[in-house]
Amino acid sequence: MHTIRRTLFLFAQLGPESMPGTPNQFASMVARERARWSTLIKQAEINPNEDQ
């Protein structure tokens, strides 16, 4: 079972960055990222439901 210390260690290894802000700022970021990645996925003709 993971402890908090182990979880923090794993996050540190992955290098996530904290992004402070308001809920509205977070919603805007999610909308921008969704549009960005949706376009890329469509252009690359990636089907996430397709078996490899």
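The values are calculated or read from the model by the stated rules, or taken from the named source; none is laboratory data. Being a predicted model, the structure only gives us computed values, none of them experimental. Every residue, glycine among them, receives a Cβ derived from its backbone with ideal geometry; neighbour counts consider all protein chains shown. In case anyone asks, the SASA skips ligands and DNA or RNA and just uses the protein heavy atoms, side chains included. Shrake-Rupley method; radii C 1.70, N 1.55, O 1.52, S 1.80 Å.
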Equivalent-ellipsoid semi-axes of the chain, from the Cα gyration tensor, Å, largest first: 29, 21, 9
Local electrostatic count at Phe26 - Lys and Arg +1, Asp and Glu -1, tallied over other residues with Cβ under 14 Å: 0
Selection of GluC sites (Glu not before Pro), the chain, meeting DSSP coil and at most 10 other Cβ within 10 Å: Glu17, Glu45, Glu50
task: Whenever you get a sec, compute what percent of the accessible area on the chain sits on carbon and sulfur atoms (1.4 Å probe).
output: 57
The stretch 20-25 - phi-based ³J(HN,Hα) in whole Hz, Karplus 6.51/-1.76/1.60, Gly and Pro as x: x, x, 8, x, 5, 5
